[in-house]
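Heads up: the structure comes next, in structure tokens.
Since every read-out is calculated from the coordinates, none of them should be taken as a lab result. Treat the numbers as computed from the prediction; the structure is a model and nothing was measured. Every residue, glycine among them, receives a Cβ derived from its backbone with ideal geometry; neighbour counts consider all protein chains shown.
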């Protein structure tokens, strides 16, 4: 059941009124109206993203507080907010012992020693832990609460000490963790944290991300294998698993070891401890649904890794490769054996792939329905994948389409219903003839060149979603909406619109009225949304038949929908 948050809030207000004023709803003065906790918890669960309402509801009574607190504190580090997240650290600090507080104070932190502890022990409610957002918040809190009374101490030491204490709080109450995202931070050695994590209760983990760079030799070859082996014994219900490790194309300068391994070294015949432990962790799960990785393993471990994935051939639906080095017949041979596979996503391929000798049988991967690639200059590899998937392809998202890609679509993939692409200028003409032949439900085009007459003629009447990136002029939008026949269009997305004026309102109002108000939502880029809001304040909108909202950057992949914000984008800032 999908409820509007505003309606849920109104429902809560009614429930609140019912509870505090039972006499007005009953002829008997001694009747007390209440809801059982399960019913209240169901209602509160719909408000998990409405923190303000939940905080207000916590003040109603002790029962409501006990039900809402686990929801509010289940994922305090899921997203980072400069205003809110450091306050979470402040609350966690208040839970430290007086001894630890005194030590932090001696390092230069302003910490009150005798304040009352919170009524609830919030770390025990932690279900989602993103170590990136936590680290940013912790460092920000230390900077805001650090003074230089003792110049012998440095802020970095205070951060590392507090980090260690916070990790102890989290590890000691890790039995409720369900989603864990670890990204290595070179500024903070987390070897001790990972060692302690080996002995924690991680049995409820269903989503695990281990990502990042800068691992030490000990962490890479000892600590991580130990952790993964322990998890393979205690954690059985991981549904979503993601690894990104630095390539082991390292020398002694990085790992400070004369015995460092070369990436895919042909002379290495035995899998590394990391390769073995990752394969064991994959194989030990009951039913893995999604798996993401870069090709970090030794070439001798390829069969080991892919064979472990085959143990989930009837449950694994989504696979993403951040980098795929060996794009060859062996790779597709394993993909074919994963019967439940529906989505393939790629980030990077090797700079030079030898595809000339690759035999591509038609309809080789009939189970795959969706292909995503958020990268440029890899059309040869993507073109090969399209030919392998053939008629089964339904969704195709690609950042760098060209005439070769569209020729392949026309020959092999006539059943695409969702096409989200970025076009080069020279591919516009060739793409139009292909697009108009597809049974599209969703279409997103991103190009620096738009021609309204060409676009309006290619839009099929089956279209329910239509998005335009790049530079679009108001005149072109007007011509498209006036001349195109789009009776099923419910959502339209525009990032940038140029040469706008107050007549822009009439364009969308007329279009909405033309098709019986089927248009439900208009998504606009941030600056464009401000212009529309200013028009709204001038009361120039005569209808509320569709919702106006902000659109974020367009996603060519689905990794974020499963795991959250991509680590490579958050690390790049």
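Structure notes:
- Length added when fully stretched, residue 328-residue 106, from 0.36 nm per residue minus Cα-Cα: 74.0 nm
- In percent, rounded to a whole number, the relative contact order of the stretch 178-341 is 20, using alpha-carbon pairs under 8 Å and six or more apart.
- If you wrap the tightest convex hull around every Cα atom of the stretch 70-227 and split its volume per residue, you get 118 Å³.
- For the peptides 223-230, 75-82, the ranking by packing is 223-230, 75-82, with the highest mean count of neighbouring Cβ atoms within 10 Å listed first.
- Over the stretch 178-341, all Cα pairs binned in 10 Å intervals from 0 give whole-percent P(r) values of 10, 40, 36, 13, 1, listed from short to long.
- Shape annotation for the stretch 446-519: C-alpha extents along the principal axes are 30, 27, 19 Å, from largest to smallest.
- Protection proxy ranking, peptides 358-364, 68-74, 510-516, average beta carbon neighbours within 10 Å, highest first: 68-74, 510-516, 358-364
- Cβ-based exposure ranking for 486, 54, in which fewest neighbours within 10 Å come first: 54, 486
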